1. Please enumerate the residues belonging to segment 76-91 that are at negative phi, of a type outside the set (D, E, K, R) and surrounded by fewer than 16 Cβ atoms within 10 Å (Cβ to Cβ).
2. Among the residues of segment 131-156, write down those that are open to solvent by 50 Å² or more (accessible area, probe 1.4 Å) and among the small types (Gly, Ala, Ser).
3. Scan (1) crowded, with 19+ Cβ neighbours inside 10 Å; (2) of a type in the set (D, E, K, R); (3) more than 27 Å from residue 140 (Cβ to Cβ) for the single condition residue 94 breaks and write down its number.
4. For segment 171-183, name all the residues that are part of a loop (DSSP other than H, G, I, E, B) and buried (at least 17 other Cβ atoms within 10 Å of the Cβ).
5. Step by step: first the residues of segment 97-117, then only those that are crowded, with 18+ Cβ neighbours inside 10 Å and within 15 Å of the chain's Cα centre (by Cα), then the one that is farthest from residue 41 (Cα to Cα). Which residue is that?
6. I'd like to check something: does segment 187-201 contain any residue that is acidic (Asp, Glu), farther than 14 Å from residue 117 by Cβ and either touching a residue at least 24 places away in the same chain (Cβ under 8 Å) or surrounded by 12 or more Cβ atoms within 10 Å (Cβ to Cβ) (or both)?
7. Would you please name the residue that is surrounded by the most Cβ atoms within 10 Å (Cβ to Cβ), looking only at residues in segment 44-70 that are closer than 26 Å to residue 154 by Cα and hydrophobic (A, V, I, L, M, F, W, C)?
8. If only one of 144, 200, 140 is over 26 Å from residue 87 (Cβ atoms) and of a type in the set (D, E, K, R), which one is it?
Amino acid sequence: MSAVLPPFPQPQEPAVQPELLQVGSFEEEPGLRADAARNRARLLEAAARLVAEHGAAGVTMEAVAVAANVGKGTVFRRFGDRTGLLTALLDHSEKKFQAAFLSGPPPLGPGAPPVERLRAFGCALLRRSADELDLQLAAEPSAERRFSNPPRRVLHSHVALLLRQAVPDADVELLAHTLMGYVSPDLVHHLTRQCGMPSERLEAGWCDLVDRMTATADEQSR
């Protein structure tokens, strides 16, 4: 894809908290009118469809306005410019995914055994990456901030928590980095787009890796 995407704002360094975190600086106003909130949600859903169908380069202010059946001025008033729109879109997607694994139904959410939740987590994250890979690549932090940016820290903390429940004697911090490396956007891009691997193979590989890491826990439960 030849179009050059605009740079994303760098997130502020947070304290580590297992809670929903903002990706960028674009905030949803607490006092936003109901109709304005509905318009914003409709615009973000339209932008998400464009990303899934055409990649992040296909997301323009004009295209989103047409897809959402609103005037172009509405999009500019809501997000300011294309960078603001893409940042808000990624923030919206991140919050939905975090809500799903923190409080959604099992096995991704609470209520299932930790190994089942780990399997579901990776498969869900791989599917999300397949839907918005260009957007995630455009927002990938620089190397010195890749492991400290807020969304990645939340994901890593969640994986470490599940590993701690499944294999309490393991070095779960390092194992969590290993698992997170498997689902990194750049590796997913290489495997799916450059190597032509089907998403089903990646998901099966994730489940196999989780099972091998937690084999001791499975054996002890038999």
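The values are calculated or read from the model by the stated rules, or taken from the named source; none is laboratory data. Worth saying up front: this structure is predicted, and the values here are computed from it rather than measured. Ideal geometry is used to build each Cβ from the backbone, glycine not excepted, and the neighbour counts take in all protein chains shown. Ligands, DNA and RNA are excluded from the accessible area calculation, which covers all protein heavy atoms including side chains. Shrake-Rupley method; radii C 1.70, N 1.55, O 1.52, S 1.80 Å.
1. Hit for segment 76-91 is 76, nothing else.
2. 143
3. The failed condition is (3).
4. 183
5. Ranking the candidates gives 108 first.
6. Taking every residue of segment 187-201 in turn, none turns out to be acidic (Asp, Glu), farther than 14 Å from residue 117 by Cβ and either touching a residue at least 24 places away in the same chain (Cβ under 8 Å) or surrounded by 12 or more Cβ atoms within 10 Å (Cβ to Cβ) (or both).
7. Among them, the one singled out is 47.
8. Unique residue meeting the criteria: 200.
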